[in-house]
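Taking it in order: structure first as C-alpha cells, then the write-up.
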Amino acid sequence: GTADVARELIPDIRVVNQTGKGKGNAIKSGAAAAVGEYFLILDADGSHRPEEIPDYIAKAEAGYDYVKGSRYLDGRATEDETFDRVLIVNLTYFVANTLWRTKYSDIGYGMFLINRRKFLDMNLRSDYLELEYELAAKAVKHKLRTVEIPAHEHARIHGESHLSYKHDGWLIFKTVMVEWLKGLIGR
C-alpha cells in the first residue's frame with residue numbers, strides 16, 4: 001500500500017513500478033527512472049530516519065560517490081536485530097571483508113545515497129536483498145569514492161522483514177563468493 005499512501009499524501013507524486021520482483025529490482029527500476037545526479041534509498045517500513053538525509057547529502061557534496069549508512073559506527077545501533085540475524089550478518093561481513101580486502105562495517109544496511117550514473121554503469125544483476133553486497137563489491141572495483149556514516153535503525157513501524165535466511169542467505173553468500181572469484185576485488 002506504499003504507493004497509495006504516497007499518492008494520498010502527495011497527489012502529484014511520480015510512482016515508478018518495478019520491472020520484476022525484489023528489493024534489488026525495485027532499486028534498479030527507481031535508479032533507471034530517476035533524473036537527478038544522485039539518488040537515495042530509504043526503506044518504507046519506518047526503520048530508516050529521514051532526518052539523517054542531510055548527512056548523506058553533505059558527504060555527496062564533499063565529493064563522495066557512494067554514501068552508506070552504518071548501524072555499527074560511533075555507537076549507533078539497530079532496534080531490529082535478532083540473535084540469529086546478528087550471527088549471520090557478522091559472519092557474512094567477516095567473510096566478505098576478508099575476501100574483498102575491505103573494511104565495511106555494515107554492508108547490508110539499506111539506506112544509501114549514490115551517484116546515479118555510476119550506479120547504472122555497474123550493471124548490477126541482483127534483484128533481491130543481495131544487491132547491497134554486489135553494490136559494495138562493485139563500488140570497490142569501479143573505484144567509487146565511498147564513505148560509511150553513522151545511522152540508527154528503528155524497529156520497523158510497518159510490515160515485517162522479508163529476509164529469508166534460506167533464500168537471501170544463499171544469494172548473499174553466492175554474491176560474496178562470485179564477486180571474489182571473478183577477481184573483481186580483493187586481489
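A few points about this structure:
- Mean projection area, nm², convex hull over Cα of the chain: 10.6
- Area accessible to solvent at Val176, 1.4 Å probe radius, in Å²: 0
- Net lengthening on full extension, Asn90/Arg156 (0.36 nm per residue, minus Cα-Cα): 21.7 nm
- Distance between modelled label sites at Glu51 and Arg117, nm, 7 Å Cα→Cβ extension: 3.6
- Judged by the gyration tensor of its Cα atoms, with axes a ≥ b ≥ c, segment 90-129 is prolate; a/c meets the 1.5 cut and a/b is the larger of a/b and b/c.
- Counting heavy atoms of the protein chains alone, Asp4 has an accessible area of about 100 Å² for a 1.4 Å probe.
- FRET efficiency estimate (nearest 0.05) - Cβ-Cβ, Val16 to Ser105, R0 30 angstrom: 0.45
- The overall shape of segment 1-112 is prolate: from the C-alpha gyration tensor, with semi-axes ordered a ≥ b ≥ c, the ratio a/c is 1.5 or greater and a/b exceeds b/c.
The values are calculated or read from the model by the stated rules, or taken from the named source; none is laboratory data. What you see is a predicted model, and the numbers here were worked out from it, not measured in a lab. Reconstructed Cβ throughout: ideal geometry from the backbone, glycine too, with neighbour counts over all protein chains shown. Protein only, heavy atoms only, side chains kept; ligands, DNA and RNA dropped before computing areas. Shrake-Rupley method; radii C 1.70, N 1.55, O 1.52, S 1.80 Å.
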